[in-house]
Amino acid sequence: MENGKIDISYSLQECIPSIFQLLEELDSDFYIYLSQLWLDGYIDIEMRKRKVDFGFCIELPYSKKFFISIYPTNSMMDIYYFIHEVGHGYHNYLKHNLSHYTERNTNNEVNELFAHLFESILIFQLFGNQKDVIRNYLNQLVISIPFNVAIHEFQEKLYTQQYPSAKEKKDLFLDILKKYTHHCVNIEPYEKEVNSLWLMQEQIFSTPFYYIEYSYAKLASLYHLALHSDKNFFY
Ligand SMILES: [Zn+2]
């Protein structure tokens, strides 16, 4: 998962009981399953030295359980990330209850769609009455979409151009960022830092359509919220 804006201070640890309570109402069997994973140490939300600074959920191939790691920053982002990763875990849990193996074998893009919808539904359930939280959530959701589109365009160029040099890659990335996310600001003093940001996006090398599908998953999530929310958060 990518980094995002950090605006509101919040403790994930304190929020865990409310998240689990909501999960119990949603699917009591999954709640029992997740609670056991928590007790068995499969969910790691502690801050430690040298811990990877992003959240992830990994399916364990033999046990079919999953392991979740969150890098806590004491902000709302911890809660968004945690719920998102639990969404991946819930998706895995549901898939393994399907009888046909082929139906369980969903790709990254479908996995992200499920996790984003799960994330937005739970966040609206938990914080629907806290306008500052919902605005913060929608804000970080919307502003990350152009960056994902920029990464996708960069990825497409990398895949289709013949061996661009290191300098050509940096220049190309900078041009694309100026087109999508940085056209209104002067980033000249920071260009040397900004032109290498793509190196932190590991899926560039592993998953051809990851970033554009990630953007579609976020748009689908926003669309779903706009359809089903009776609150006027979108204006
Ligand atoms: Zn995800």
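Across the range 152-158, in residue order, what do the Karplus-derived ³J(HN,Hα) couplings come to in whole Hz, using 6.51 cos²θ - 1.76 cosθ + 1.60 with θ = phi - 60° and x for Gly and Pro?
Karplus-based 3J(HN,Hα) across the range 152-158 equals 4, 5, 4, 4, 4, 5, 4 Hz.
Note the angle between two axes, namely the Cα long axis of helix 108-127 and the longest principal axis of the Cα atoms of the chain, as a number of degrees from 0 to 90, rounded to the nearest 10.
Here the helix axis deviates by roughly 60 degrees.
Give the calculated FRET efficiency between residue 185 and residue 226 to the nearest 0.05, with a Förster radius of 25 Å applied to their Cβ-Cβ distance. Numbers along the way, then the final one.
On the way: r = 29 Å, r/R0 = 1.14.
FRET efficiency, residue 185 to residue 226: 0.30.
For residue 196 and residue 108, compute 0.36 nm times the residue count separating them, minus their Cα-Cα distance, and round to one decimal in nm. Don't skip to the end; give the middle numbers.
Values: separation 88, 0.36 × 88 = 31.68 nm, distance 2.47 nm.
Separation in residues times 0.36 nm, less the Cα-Cα distance, equals 29.2 nm.
Search the structure for amide H atoms under 5 Å from the amide H of residue 66, placed 1.01 Å from N in the peptide plane, and list their residues when 5 or more places away or on another chain.
Close amide H contacts, sequence-distant or interchain: 60.
For the range 68-74, take each phi angle, set θ = phi - 60°, evaluate the Karplus expression 6.51 cos²θ - 1.76 cosθ + 1.60, and give the result in whole Hz per residue in order, putting x for glycine and proline.
10, 10, 10, 9, x, 10, 6
Can you give me the relative contact order of the chain as a percent, contacts being Cα pairs under 8 Å and 6 or more apart?
With pairs under 8 Å counted, the relative contact order is 19 percent.
Counting residues in the chain as N, plug N into 2.2 N^0.38 Å and put the Cα Rg over that result. Can you show the working numbers first?
Working: Rg = 18.9 Å, N = 235, 2.2 N^0.38 = 17.5 Å.
Here the answer is 1.08, to two decimals.
What are the semi-axes of the equivalent ellipsoid for the range 149-235, taken as the square roots of 5 times the Cα gyration tensor eigenvalues, largest first, in whole Å? Present the calculation step by step, with values, prior to reporting the outcome.
Working: eigenvalues 179, 64, 16 Å².
Equivalent-ellipsoid dimensions as semi-axes: 30, 18, 9 Å.
Could you work out [θ]222 nm for the chain from helices alone, using -39500 (n - 2.57) per DSSP H run of at least four and dividing by all its residues? Round to the nearest 500 deg cm²/dmol. Intermediate values should be presented prior to the final figure.
On the way: 10 runs with 143 residues, N = 235.
Taking each H run of at least 4 residues, the total per residue is -19500 deg cm²/dmol.
Determine ³J(HN,Hα), in whole Hz, for all residues of the range 190-196 in sequence, where each value follows from phi through the Karplus function 6.51 cos²θ - 1.76 cosθ + 1.60 and θ = phi - 60°; x replaces Gly and Pro.
10, 4, 5, 7, 5, 6, 10
What full-extension length gain, to one decimal in nm, is calculated for residue 171 and residue 139 as 0.36 nm per residue of separation minus the Cα-Cα distance?
Roughly 8.7 nm would be gained on extension.
So which of 167/218; 51/218; 157/192; 64/169; 169/218 end up more than 29 Å apart by C-alpha?
In this structure, 167/218; 64/169 exceed 29 Å between Cα atoms.
In degrees from 0 to 90, rounded to the nearest 10, what is the angle of the helix 76-95 Cα long axis to the longest principal axis of the chain?
Its long axis makes an angle of about 70 degrees.
Helix 28-39 against the longest principal axis of the chain: what's the angle in degrees, Cα atoms only, rounded to the nearest 10?
70
When only DSSP loop residues count, what GluC sites (Glu not before Pro) in the range 135-235 have their Cβ near at most 13 other Cβ atoms within 10 Å?
Filter output for the range 135-235: 202.
Given the options 15, 184, 57, which has the most mean-square fluctuation in a GNM of the chain, springs set between C-alpha atoms less than 10 angstrom apart?
184
Label residue 13 and residue 39 with points 7 Å out from Cα along Cα→Cβ: what is the distance between them in nm?
2.2
What's the longest bit of the chain with no exposed trypsin sites (Lys or Arg not before Pro), using DSSP loop states and at most 16 other Cβ atoms within 10 Å as the test?
65-230
Here, each number is a calculation from the coordinates, and none is a lab measurement. Keep in mind the model is a prediction, meaning the values are calculated, not measured. A quick note on method: Cβ atoms are made from the backbone with ideal geometry, for glycine too, and the neighbour counts reach across all protein chains shown.
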